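J.: Got a structure here, written out as structure tokens. Questions coming.
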2 protein chains.
Amino acid sequence: MKVHLVGEAAGHAADLTAHLDPSHEVVALPADAATTGAYDDRIDPDDVVVSLRFRRPSGQAPAFRLLHVPGAGLDGIDLDALRPETAVANVFEHEIPIAEFVLARLLDWEIRAGEMTDRFTAEGWPEQYRHRLPHGEVHGKTLGLLGYGRIGRAVAARASAFGMRVLALDDHALDDRTTTVFPPDRLHAFLAEVDHLVVACPLTAQTTGLIDRPALAVMKAHAVVINVSRAEVVDEDALYEALTSGAIGGAVLDVWYRYPSSSEPDPPPAHRPFWDLPNVWCTPHSSAWTRELSQRRYAVIAANINRLATGGPLSHLVRPSQGVPARPLQERR
Amino acid sequence: MKVHLVGEAAGHAADLTAHLDPSHEVVALPADAATTGAYDDRIDPDDVVVSLRFRRPSGQAPAFRLLHVPGAGLDGIDLDALRPETAVANVFEHEIPIAEFVLARLLDWEIRAGEMTDRFTAEGWPEQYRHRLPHGEVHGKTLGLLGYGRIGRAVAARASAFGMRVLALDDHALDDRTTTVFPPDRLHAFLAEVDHLVVACPLTAQTTGLIDRPALAVMKAHAVVINVSRAEVVDEDALYEALTSGAIGGAVLDVWYRYPSSSEPDPPPAHRPFWDLPNVWCTPHSSAWTRELSQRRYAVIAANINRLATGGPLSHLVRPSQGVPARPLQERR
């Protein structure tokens, strides 16, 4: 069995082989192998492909056993382009760095320790000590999670350890030890309560523009919107206006309205200049982007490939193999 | 009963009166009232004094019921200068902002989100997105707490919610749900394990210079020393050398080797120029200094004064009244 690492995945061969059975051959393929048939003759029916993207405009895909996406989202995958017998799996693990990023920004929004360090000088020390400016705390404040899935729960577990009150808005989650869950039709009641709003829901028809002008209008004047999900959940013009008018206190934006693409390689991240506002902290879609994330993800992928080879049940399946007689996974448990 | 707010405490009259029985008169006295007898004729035997400092070089203190220190430390209080019938109480609450500060710095040490924001530009966005640099995580790392008292436990509760492994070194604390406790004679074994060391012990004869050259030498090359307690627990020269030689990875220093005093009003914070090192983050003893800290502390003080007036048992007593027949506190519970 060969494991083909396509495009970006090829940079993680060491993360994979650290956990992979050494009998499997690891092969790097260029990014084109995901979107054209140029390398299909190298892929055998018993192989695994690891790629964030897969499509075949020709309609002809090679036979292989498993497409393992090294991320959570299937945006880059055209499932219909795969043969029915090809199983598809994904990985998570990103909820850990995203929750760390959210708490880090939330804490620094209140504490501003970085600014203290920037101002610190030996000469200024006596005066800075005598006239210390008090900062803020997250303790006792209310955190609102828009979406209470994997990321929302990871944020909630950490925020509640700080003595924050945690609320979530979700269409099917239930209250738990840390969190009180509001149904979608109570959006405005939920927003009126929160000091920090974390956008942690997927982008769907229901969530596109969910945080619109009326929603921002019911929020507290000091409230901060933290978006680590998809920009379009928050209406761009309404957010910019709320930030400049003082309707809300600030924003932490890690996700953007416009991304580089082949048709538009150098777009600005948004039409509105959020980066010029003093109450907005911008970062380049980095919240999950840690060294440890790839290590954990490729360890999951390696374990899954090892199981595939030995006939064990796969984890993280988003689509089982349909074309060949299914292995009796249920009976194996 | 009058409540005298001395010096710095006078700035918190509103925090106190928000919770104080309105029958008590609140009086501001200048800082001199703590260290001279100049205002003693205004203090009556039934009164309360709220002050971070109290001494009487003359040996003559006025009679009053309660000295309430609006902080945890009694460094500024000469207990022998007080009459035996004067009770002494203190307040805590600082473990909350200190723990938040520690976690904020720890997270940003790994994530560097502030630096990402400083670099973010609309023009740079496509390039920054395509070539994102991975950052670090605290998840799975080992946090060492030098001292496992009120502050150490507050840090441990939060750090463990991030999936950190938490160790502590303490001379009497026991293992608990979050933390494995090492005895003092295992200092080097403890230090060899930790990725982040938080100094959270009081300064005593045993802890002065405890983190010396041999101690720093056993730490990991990427380890970070975070001091939010007292500078002198860490030997100044040894720390500076470890930071410049690469023996450890960095330091977060909020407490200092030299403070402004009446005899030396403008000292530099240390002999060694820690503030010139790129791997040291300096702040001016600010970790606990929050708006909410004073509000919580004066709420505790007000509740205690209300209890004193109604004969209820006092909380936070560090010295009960000795000269007058003690109220039977035990029986009141």
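J.: Any chance you could count how many residues in the stretch A:295-328 are surrounded by fewer than 13 Cβ atoms within 10 Å (Cβ to Cβ) and either at pLDDT below 90 or under 21 Å from the mean Cα position of the chain (by Cα) (or both)?
T.: Matching residues across the stretch A:295-328 total 6.
J.: Right, something else. Does the stretch A:64-73 include one or more residues that are in the same structural domain as A:GLY312 (by TED's automatic domain parsing), out of contact with any Leu (no Cβ under 7 Å at 6 or more places or on another chain) and more than 30 Å from A:ALA156 (Cα to Cα)?
T.: Initially, the stretch A:64-73 is screened for residues in the same structural domain as A:GLY312 (by TED's automatic domain parsing), giving A:64-73.
Pick out the ones that are also out of contact with any Leu (no Cβ under 7 Å at 6 or more places or on another chain) and you get A:64, A:68, A:72-73.
From the residues that got through so far, the ones that are more than 30 Å from A:ALA156 (Cα to Cα) too are A:64.
Yes, there is a match, as at least one residue in the stretch A:64-73 is in the same structural domain as A:GLY312 (by TED's automatic domain parsing), out of contact with any Leu (no Cβ under 7 Å at 6 or more places or on another chain) and more than 30 Å from A:ALA156 (Cα to Cα).
J.: Looking only at the stretch A:143-169, count how many residues are surrounded by fewer than 19 Cβ atoms within 10 Å (Cβ to Cβ) and within 26 Å of B:HIS12 (Cα to Cα).
T.: 1
J.: I would also like to ask the following. For A:ASP75, which of the numbered conditions (1) in contact with a strand residue (DSSP E or B) (Cβ under 6 Å, 6 or more places away or on another chain); (2) without any contact (Cβ under 8 Å) to a residue 40 or more places away in the chain; (3) closer than 24 Å to A:CYS201 by Cα fails to hold?
T.: It fails just one condition, (1).
J.: Go through the stretch A:219-235 and report how many residues are in contact with an Asp or Glu (Cβ under 6 Å, 6 or more places away or on another chain) and within 12 Å of chain B (Cβ to nearest Cβ).
T.: Summing the residues that are in contact with an Asp or Glu (Cβ under 6 Å, 6 or more places away or on another chain) and within 12 Å of chain B (Cβ to nearest Cβ) in the stretch A:219-235 gives 1.
J.: So, one more: In the stretch A:208-250, what residues are free of Cβ contacts under 8 Å to residues at least 60 places away in the same chain and under 18 Å from the mean Cα position of the chain (by Cα)?
T.: A:THR208, A:VAL225, A:ASN227, A:ARG230, A:ALA231, A:GLU232, A:VAL234
J.: Among the residues of the stretch B:141-184, count how many are outside any helix (DSSP H, G or I) and in contact with a Ser or Thr (Cβ under 6 Å, 6 or more places away or on another chain).
T.: Total meeting the criteria: 5.
J.: Sort through B:TYR298, B:TYR257 and tell me the only one that's more than 9 Å from every other protein chain (Cβ to nearest Cβ), in a helix (DSSP H, G or I) and closer than 24 Å to A:ARG130 by Cα.
T.: B:TYR298
J.: Is there a residue in the stretch A:164-174 that is in contact (Cβ under 8 Å) with a residue 60 or more places away in the chain, more than 14 Å from chain B (Cβ to nearest Cβ) and under 19 Å from the mean Cα position of the chain (by Cα)? Working first, answer last.
T.: Initially, the stretch A:164-174 is screened for residues in contact (Cβ under 8 Å) with a residue 60 or more places away in the chain, giving none.
Among the residues of the stretch A:164-174, not one is in contact (Cβ under 8 Å) with a residue 60 or more places away in the chain, more than 14 Å from chain B (Cβ to nearest Cβ) and under 19 Å from the mean Cα position of the chain (by Cα), which makes the answer no.
J.: Now for a separate question. Against the definition (in contact with a Lys or Arg (Cβ under 9 Å, 6 or more places away or on another chain), closer than 17 Å to A:TRP109 by Cα, of a type in the set (D, E, K, R) and surrounded by 15 or more Cβ atoms within 10 Å (Cβ to Cβ)), how does A:ASP254 come out, yes or no?
T.: Considered against the rule, which asks whether it is in contact with a Lys or Arg (Cβ under 9 Å, 6 or more places away or on another chain), closer than 17 Å to A:TRP109 by Cα, of a type in the set (D, E, K, R) and surrounded by 15 or more Cβ atoms within 10 Å (Cβ to Cβ), A:ASP254 comes out as yes.
J.: Which residue, of A:ALA251, A:ALA242, A:ALA238, is farther than 30 Å from A:LEU16 by Cα, more than 10 Å from chain B (Cβ to nearest Cβ), touching a strand residue (DSSP E or B) at 6+ places or on another chain (Cβ under 7 Å) and not in a loop (DSSP other than H, G, I, E, B)?
T.: Exactly one residue qualifies, and that residue is A:ALA251.
J.: While we're on this one: Taking the condition over 28 Å from B:ASP75 (Cα atoms) and free of Cβ contacts under 8 Å to residues at least 12 places away in the same chain, does B:ALA161 pass? Steps first, answer last, please.
T.: Values: over 28 Å from B:ASP75 (Cα atoms): yes; free of Cβ contacts under 8 Å to residues at least 12 places away in the same chain: yes.
Here the answer is yes, as B:ALA161 does meet what is asked.
J.: Here's a follow-up. Restrict the check to the stretch B:264-272 and report whether at least one residue is in contact (Cβ under 8 Å) with a residue 24 or more places away in the chain, in contact with a helix residue (DSSP H, G or I) (Cβ under 9 Å, 6 or more places away or on another chain) and at the interface with another protein chain (Cβ under 9 Å from one of its Cβ atoms).
T.: Yes: the stretch B:264-272 contains one or more residues that are in contact (Cβ under 8 Å) with a residue 24 or more places away in the chain, in contact with a helix residue (DSSP H, G or I) (Cβ under 9 Å, 6 or more places away or on another chain) and at the interface with another protein chain (Cβ under 9 Å from one of its Cβ atoms).
J.: Right, next: Give me the residue from the stretch A:106-135 that is hydrophobic (A, V, I, L, M, F, W, C) and free of Cβ contacts under 8 Å to residues at least 24 places away in the same chain and, out of that set, nearest to A:SER287 (Cα to Cα).
T.: Among them, the one singled out is A:ALA113.
J.: Determine which single condition B:LEU216 fails, assuming it passes every other condition in (1) touching an Asp or Glu at 6+ places or on another chain (Cβ under 7 Å); (2) part of a helix (DSSP H, G or I); (3) under 20 Å from B:VAL199 (Cβ atoms).
T.: (1)
J.: Does A:THR208 meet the test of being within 14 Å of another protein chain (Cβ to nearest Cβ) and either among the polar types (S, T, N, Q) or under 20 Å from A:GLU232 (Cβ atoms) (or both)?
T.: Working: within 14 Å of another protein chain (Cβ to nearest Cβ): no; either among the polar types (S, T, N, Q) or under 20 Å from A:GLU232 (Cβ atoms) (or both): yes.
Judged against the criteria, A:THR208 is not a match.
J.: Another question, if that's okay. Among the candidates B:VAL198, B:VAL138, single out the residue that is in a loop (DSSP other than H, G, I, E, B), closer than 22 Å to A:VAL138 by Cβ and β-branched (Val, Ile, Thr).
T.: B:VAL138
J.: Then there is this: Scanning the stretch B:276-294 for residues that are in a helix (DSSP H, G or I) and surrounded by fewer than 19 Cβ atoms within 10 Å (Cβ to Cβ), which turns out nearest to the other protein chains (Cβ to nearest Cβ)?
T.: B:ARG291
The values are calculated or read from the model by the stated rules, or taken from the named source; none is laboratory data. The structure displayed is predicted, hence computed values, not measured ones. FYI the Cβ positions are ideal-geometry reconstructions off the backbone, even for glycines, and counts take in every protein chain you see.
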